[in-house]
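Working notes, beginning with the structure itself.
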Amino acid sequence: MRKTAFQLGLIAIALLVIAFVLRNIAIGWAPARDQYPVQGISVDESHGEIIWHVAGATGVDFAYIRATDGAEKRDMRFATNISAARDAGIRFGALHNYTLCRLASDQATMFVTTVPRAENMLPSAVRLAFDNGCNDRPGRALVLSELNTFLNQIEAHSGKPAIIAVSRDFEELYNISSGIDRTFWLEANFFPPDYATKPWVMWRASDIRRISGVDGPVNWNVVRP
């Protein structure tokens, strides 16, 4: 009996060690640079104060920084983050979290009054994903119409076509990639995604990576060569 308990204890310890090793591999993983030379992060106020020059030294070539959320929330660290990213020599763009529960025009107004118009900024990005605070599920035609309204207004402000970051479940319900003619940013940990009807231009390859200069896990993104 004691021998069995001892053996079970050894197995449990071995499993814990394996889990620890696998976790460390996972949080440090990024796609190979020879396959994807341009890699970067997406961050928001939840990451606190980012030491941008340190993040840049870990291989961050660009950053998408959340600017706004819906029609009411501005990211409180957006202005600080874009200024510090610029000072660190990291290219940056602004990200909006789109909601189905507010008019597109109201969300666009929030975005364009938050994000400066600057030639050196990357194209604006809009993220389409379901959130716990909004249970509305309008029809596809209305979603596409509203999304086009939003895109037209923010693109008139930035002077550049936007990129659409769409989650798998949002794409499966609304098939955005066949209804909107833009470039797409898809999401899947570790393995390249294939759930859109168009090839992705940017891939969020990990949402658990940890890097120096940033508190907590970051979204790690790569650009298709």
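Scan segment 149-160 and tell me whether some residue there is within 23 Å of Y195 (Cβ to Cβ) and of a type in the set (G, A, S). No: segment 149-160 contains no residue that is within 23 Å of Y195 (Cβ to Cβ) and of a type in the set (G, A, S).
Quick grid of which residues meet (1) outside the structural domain of L100 (by TED's automatic domain parsing); (2) more than 19 Å from D207 (Cα to Cα); (3) assigned to a loop (DSSP other than H, G, I, E, B):
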site	(1), (2), (3)
I41	no, no, no
I50	no, no, yes
H53	no, yes, no
V60	no, no, yes
A63	no, no, no
R66	no, no, no
A71	no, yes, yes
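For segment 149-160, the criterion of a residue being in contact (Cβ under 8 Å) with a residue 60 or more places away in the chain and β-branched (V, I, T) is satisfied by no position. Of the residues making up segment 62-75, at least one is over 20 Å from I154 (Cα atoms) and either crowded, with 16+ Cβ neighbours inside 10 Å or among the hydrophobic types (A, V, I, L, M, F, W, C) (or both).
Within segment 121-140, not a single residue is at pLDDT 95 or above, in contact with an Asp or Glu (Cβ under 7 Å, 6 or more places away or on another chain) and closer than 26 Å to V60 by Cα. Tallying residues that are part of a strand (DSSP E or B), surrounded by 15 or more Cβ atoms within 10 Å (Cβ to Cβ) and charged (D, E, K, R) within segment 204-225 yields 2.
Consider segment 27-42 and keep the residues that are surrounded by fewer than 18 Cβ atoms within 10 Å (Cβ to Cβ) and among the β-branched types (V, I, T). The one that is nearest to N221 (Cα to Cα) is V38. Scanning segment 164-203 for residues that are under 17 Å from F130 (Cα atoms) and either part of a helix (DSSP H, G or I) or in contact (Cβ under 8 Å) with a residue 60 or more places away in the chain (or both) yields a total of 11. Just one of the listed residues (R140, R91, R117) is exposed (fewer than 15 other Cβ atoms within 10 Å of the Cβ) and in contact with a Phe, Trp or Tyr (Cβ under 6 Å, 6 or more places away or on another chain), namely R140.
In the set F130, F92, only one residue is within 18 Å of the chain's Cα centre (by Cα), among the aromatic types (F, W, Y) and assigned to a loop (DSSP other than H, G, I, E, B); that residue is F130.
The values are calculated or read from the model by the stated rules, or taken from the named source; none is laboratory data. From a predicted model like this one, the values you see are computed outputs, not experimental measurements. Virtual Cβ from ideal backbone geometry, glycine too; neighbours counted across all protein chains shown.
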